[in-house]
Structure formats: structure tokens, C-alpha cells
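Reading through the C-alpha cells given below for one structure.
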Amino acid sequence: MVAWTDFERATIKDIFSKIDYEVVGPAAISRFLIVYPWTQRYFAGFGNLYNAAVVMQGLEKVVKNMDNIKATFTELSTLHSEKLQVDPDNFMSCSFDCLAIVVAAQLGKDFTPEVHAAFQKFLAVVVSSLRRQYY
Amino acid sequence: MSLSAKDKEIVKAFWAKVSGRADNIGGDAVARMLTVYPQTKTYFSHWKDLSPSSAPVRKHGGMVAATITDAVNKIDDLAGSLLTLSELHAFTLRVDPANFKILAQNILVVLATMFPVDFTPEVHMALDKFLAALARALSVKYR
């Protein structure tokens, strides 16, 4: 169980209400494919990068289920580990650090250190849930 | 993952564009690091005030920014130009070098908030590599 403060809950919902999934999803993925080119190994079969909006929809599911993130991500975790075979070290260092940067660019000065901290905690919980089914 | 000639060009051009706000960039990055990664506060217990707008935080940010500006100008010899700072961090401050990556990430986030258009993926990559090279140079004297 993760303990979320009222500020954190409100902040996460607020961030997701402000960002445009069709823009942020593809921007984050294409950014990390450029900044960390070795991650391209996982995307030969991903298809059109505009499908990257599905990543944002996955994250939105979490926003709606902040008290049960582990269960929300069981299937996705199995997918990433067994079918996609993604090295889980990539999750934070490559993908989510880039997502934080894309969101930071969208929100500008509204992405204050406190908002950033709440978002970083949210991403850490998502990464931990995505790692759970690896063995 | 060494800095290519192109990376160095990109870093120099981008830093020239933003260096007018270098003090703010440094101060915001340090402030952000202390808030988002509170374990880093353990290195600053000698400061009375660790809040984002406090004098020691802003001053330290200014020092970090000045070091980056200097490093950009000496980009072909980072290890040489950072030798004294490396000794300071290794023997006196004894900062765990894992924290260099944390500060670097916060610098990148601050750049994204301040320069969303100029901070393209190519600039992001060149700066990420440059800050990693800075961190390596800073770690040289550790052991």
C-alpha cells in the first residue's frame, strides 16, 4: 500500500488533466529513443509512434486506481517481462526521466519542485509495479 | 559514451543561449534536488535554511552554474579543469558520486521548464552526455 498525501493525489490528478496525451505520449517515447538510442531495440514491433498515446492511457488507469496500483499493473508487468522482454532498469532511467522532462516542458513554471516531487513518487510506484512480475 | 565533436558544438551553442540565466538554473536545480530527492539534504545539514529561496541554496546553485560554464569553456579537458573540485568532493565533502546523476537530472528538468522549445531531444542528449562526463571528471579522485 502506498500512502498518498492529499497534496499528492490532487497534484497527480491535476497533472493528468492538464497534459494532452496525444502529444505527451509520442513526445516522451520519441525523446527517449533519441536520447537513449539502445532502447530502440524494443520498438521494432511497436508500430506507429502515435500509438504511444496508449502509454499515457495506461498511466491514466493508475491515476484512477491510486490505491491499488499493483493490481492495476499486473497484466502490463507480465507483458513487459515475458512478451516484450524489456530490461526493467530502463523504466526509470530512460522512459520515466524523459516523461518527467516532457511534462516539465509542458507545464513550465507550474512544474514546481513540490509538483515534481509528487510526480516522481508516482513514477517510482509505477516502475515498482511494472517490475513486480519479473523473475 | 564519449562526447563527439557534434555534442560539444550543441552544448556550447545551447549554453551560450541560456548562460544569462545560469544563476537561476543552478539555484533552481539545487532547490529542486533537495525537494524531490530529500536524501540529498543529508549533505547540507550545516545550512540553517534548506528552502528553495534561501541564501545558501541560491549561492550554491550559483557556484554549480559557474562551474558548468567554466566546464563548457574547457570541454576538451574536463578531468583537468575539475581536478581540484574532484579532490574537494572526494576527500573533504565525501559526496557519494551516485548523487551527481541526481543533480544532473534536476538540471535537465529545470532546462526543460525554462527553455521548452530549445531543449530538443538532440540538445537533451548532448547535455545528458556532457553532465555525465562532468560527473565522471568529478569522480576521478575518489579512489
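Scanning the stretch A:111-123 for residues that are open to solvent by 10 Å² or more (accessible area, probe 1.4 Å), more than 7 Å from chain B (Cβ to nearest Cβ), touching a residue at least 60 places away in the same chain (Cβ under 8 Å) and in contact with a Ser or Thr (Cβ under 9 Å, 6 or more places away or on another chain) returns a single hit, A:115.
Here the stretch A:87-110 is the region considered, the condition is being open to solvent by 30 Å² or more (accessible area, probe 1.4 Å), charged (D, E, K, R) and within 16 Å of the chain's Cα centre (by Cα), and the residue that is nearest to the other protein chains (Cβ to nearest Cβ) is A:89. Contact annotation: residue pairs with Cβ atoms under 6 Å, 6 or more positions apart or on different chains, pairing a residue in the stretch B:108-122 that is facing chain A (nearest Cβ under 7 Å) with a partner that is open to solvent by 20 Å² or more (accessible area, probe 1.4 Å), are B:112/A:105; B:116/A:105; B:121/A:31; B:121/A:34.
Have a look at A:82, A:60 and point out the one that is farther than 30 Å from residue B:117 by Cβ and either away from chain B (no Cβ under 14 Å) or buried (at least 19 other Cβ atoms within 10 Å of the Cβ) (or both). Full working, then the answer.
Values: A:60 fails: farther than 30 Å from residue B:117 by Cβ.
Exactly one of A:82, A:60 is farther than 30 Å from residue B:117 by Cβ and either away from chain B (no Cβ under 14 Å) or buried (at least 19 other Cβ atoms within 10 Å of the Cβ) (or both), namely A:82.
From B:21, B:94, which residue is open to solvent by 10 Å² or more (accessible area, probe 1.4 Å), touching a residue at least 60 places away in the same chain (Cβ under 8 Å), away from every other protein chain (no Cβ under 11 Å) and not hydrophobic (A, V, I, L, M, F, W, C)?
Numbers: B:94 fails: touching a residue at least 60 places away in the same chain (Cβ under 8 Å).
Every option except B:21 fails the conditions.
Filtering the stretch B:48-68 to residues that are of a type outside the set (D, E, K, R) and surrounded by fewer than 16 Cβ atoms within 10 Å (Cβ to Cβ) leaves B:51, B:53, B:55, B:56, B:63, B:66. Considering (1) within 19 Å of residue B:139 (Cα to Cα); (2) buried (at least 19 other Cβ atoms within 10 Å of the Cβ); (3) touching a residue at least 40 places away in the same chain (Cβ under 8 Å), the lone condition that residue B:105 does not fulfil carries the number (3).
Within the stretch B:22-43, the set of residues being of a type in the set (S, T, N, Q) and touching a helix residue (DSSP H, G or I) at 6+ places or on another chain (Cβ under 8 Å) comprises B:24, B:35, B:40.
The values are calculated or read from the model by the stated rules, or taken from the named source; none is laboratory data. All figures in this text were calculated on a predicted structure; none of them were measured in a lab. Don't worry about glycine lacking a Cβ; one is built from the backbone with ideal geometry, like all the others, and counts go over all protein chains shown. In case anyone asks, the SASA skips ligands and DNA or RNA and just uses the protein heavy atoms, side chains included. Shrake-Rupley method; radii C 1.70, N 1.55, O 1.52, S 1.80 Å.
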